[in-house]
Each structure stands twice: as structure tokens, then as C-alpha cells.
Amino acid sequence: MKIRVLGSGAGGGFPQWNCNCHNCHRLRHNQMKGQTRTQSSIAVSSDDKNWVLFNTSPDIRAQLESFPAIQPKEGVRDTGIKAIILIDSQIDHTTGMLMLREGEPLDVYCTEMVKQDLSTGFPVFKMLEDYCTVKHHPIPCDGSSFTIPGIEDLRFYSHALKSKAPPYSPHRHDPHEGDNVGVIIEQISSGKKVYYSPGLGEIEPHVMDAMQAVDCLMVDGTFWTDDEMCAQNISPKRAREIGHLPQSGPGGMIEVLNGVKQTRKILIHINNTNPILDEDSPQRKTLDDAGIEVAYDGMEINL
């Protein structure tokens, strides 16, 4: 199984177009050791030919152009994308579908709650009815499995996470199971598994069970501290308030990952304010010492 990180940043990418925070300013002026990042998405395949996209960020066109394995190989119009799995209905995870409108119908796998949001509050599915159209395939919220026709040797398990729906969702203040999911991807022939959850606000028992049962973790690395955006006068909202478990502090992601043994650990969905983007920072050294990696655009994981 091969996992390609198409985008490793949080919403807005890095540097963010209108941001002059400590990180964005220094990266633009070559004053820090770091890498630009597009918005979060991965692609997964077991044969290097047929790929499943996890989320479609607004940066999808540039991401696909930088990844030859998924580009057209046969005929006038072609793509290696066979299906899309959406973990939620957030703008930075779904807008990219509009950039794929010139192709064949999109086979989209997501929960019923995500489908509702993308048919009402942010009606991407309806917008595409006059273009490629969308074929919706529901996925479970209870951890049970599903497969995708044409994607050989891969099985997927999805479970609900505690989260808020996006601000435009009709049930923004009435959370439902399926607003956000974590997914285990299993290669059937080898038994190798990866757990993907770029938006993780709470480590529920079933989440920890999933984390302990896989060979590789790709989990929420959005913020270093709970008050990160408050401290930088960017937003009054705290990390946990918007559904992201910070890395540092009691009960933070580092502490959680230290309790997971014999597993490769990778943080993804990194916000532009996070000090771990500076590869020479003490925060990055803390992760290095803990054996925790930071995803970057173009990163490939082979299991």
C-alpha cells in the first residue's frame, strides 16, 4: 500500500495568502528552515495505478500536477482517481471537487451527514449536477468496513468522531454522528493498516483502539498549544473549541502518541501558526525526540 501526501497544511495552507504571522513572514523572507504546504489531502493505492483521494482541497489541481502516478495515461481524457472519500464537509476538504468538474461522474464516499451538508449549506453536489455529477456512496459511522469497486486489495473502516459540522451546516449547533470520521485503511493481502484522522478533537475509547491497531498513524497536527491563535492575536477561538487536540500540554497529542507503541506516527493538517513548521525550532526537536514525524507535501509512505 502506498500513501501519497498531496497536501499537509490546514485551511489556508502555508504560508497563508493574507497572513503575516511569525511563521508566514519568516518563510516568505527566507528567515526560517521550512517548507510551503498546500491544504490537507492524501491519495492511497495498492497498485500505483488506481487511487482513492481522501478529501479534495482547493489546491487539488496543483497537487495532481505534482504527482505523475495519478495523471492521465490513456486516451484523450483519463485519471488515476477512482473514488473520493470525504471525512467531513469542511470547505478545505471539499471545494476541490469543483476543480474536477470536467471529468466523469465522481464516486464520492461519505456519511449521510456530510452528504446533507454538501447538498444544502454548501451545495457542491447540486452545483456539479450540470457538470460531471456526483454518485454518492454512504459509509458507516460505527467502525464497520466497506470496499470500493475497482480498488483492489484495500478495505476501509470508518467511525464517527466528536466534532462540529461546518458553520454553514444546517445543524452546526446540533452535532450528529458522521459530521466527521476517522478511517482505517487496510491492505487485505498484507494486513497492514494506516489510520487517517486530520481533524481529531478528543481521544475516545474507539479512537485509541484504532490507533493501537495500526502500523501507521496520520493524525491531527493542527496546533501546538490550545491558545495558539489567541496568543498571536489571530482568533479568539482555542484549538479544542474548533475540534483540534493540541500537541503540547497534559492530554495533548504528544502524550497520546507516547502511549501508542510500535507504530509510525505522523502529524498532518498543520496550521500556519504552528511552531513545528520551523524545522529548527525546539518544538520540532520535541517531536523528533518523541519519534513523531511531520507530514510534508509529496511525502510517500509505503506499508
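Every read-out reported here was derived from the displayed coordinates using simple, explicitly stated rules and does not represent laboratory data. Note that the coordinates shown come from a computational prediction; the quantities given were computed from them, not determined experimentally. Backbone-built Cβ (ideal geometry, glycine too); neighbour counts: all protein chains shown.
Ordered by the number of other Cβ atoms lying within 10 Å of each residue's own Cβ, fewest first, 235, 119, 8 fall into the sequence 235, 119, 8.
For segment 2-302, the Kirkwood estimate of hydrodynamic radius, built from reciprocal distances between every pair of different alpha carbons, is 19.4 Å. Comparing 43, 160, 62 in a Gaussian network model of the chain where C-alpha atoms under 10 Å apart are linked, the largest mean-square fluctuation is found at 62. Among 206, 173, 29, the largest mean-square fluctuation in a Gaussian network model of the chain, built with springs joining Cα atoms closer than 10 Å, belongs to 29. Selection among 136, 32, 252 by position relative to the dipole of the chain gives 32 as farthest towards the positive end (Cβ unit charges, Cα centre).
Roughly how big is segment 120-170's charge dipole about its Cα centre, with Cβ charges of +1 (Lys, Arg) and -1 (Asp, Glu), in debye to the nearest 20?
260
Taking a straight line from the alpha carbon of residue 237, these aspartates and glutamates sit under 16 Å away, with near neighbours fewer than eight places off in the same chain left out: 226, 227, 228. What the Kirkwood sum gives for segment 1-118 is a hydrodynamic radius of 15.3 Å, with every pair of different alpha carbons counted. By other beta-carbon atoms within 10 Å, ranking 225, 56 with the fewest at the front produces 225, 56.
Reported value for segment 199-292: 89 Å³ per residue, from the convex hull of its C-alpha atoms. Under 13 Å of direct C-alpha separation, and excluding same-chain neighbours fewer than eight residues apart, residue 265 reaches these aspartates and glutamates: 215, 220, 255, 288, 289, 293. In the distance distribution for segment 1-63, Cα-Cα pairs more than 14 Å apart total 59 percent. The relative contact order of the chain comes to 19 percent, based on Cα pairs under 8 Å that sit 6 or more residues apart.
Segment 220-281 and segment 100-156 have Cα centres lying 29 Å from one another. Each helix, a run of at least 4 DSSP H residues, gives -39500 (n - 2.57); summed and divided by the residues of the chain, these come to -4000 deg cm²/dmol at 222 nm. A Cβ-based charge dipole, computed about the Cα centre of the chain with Lys and Arg at +1 and Asp and Glu at -1, lands at about 400 debye.
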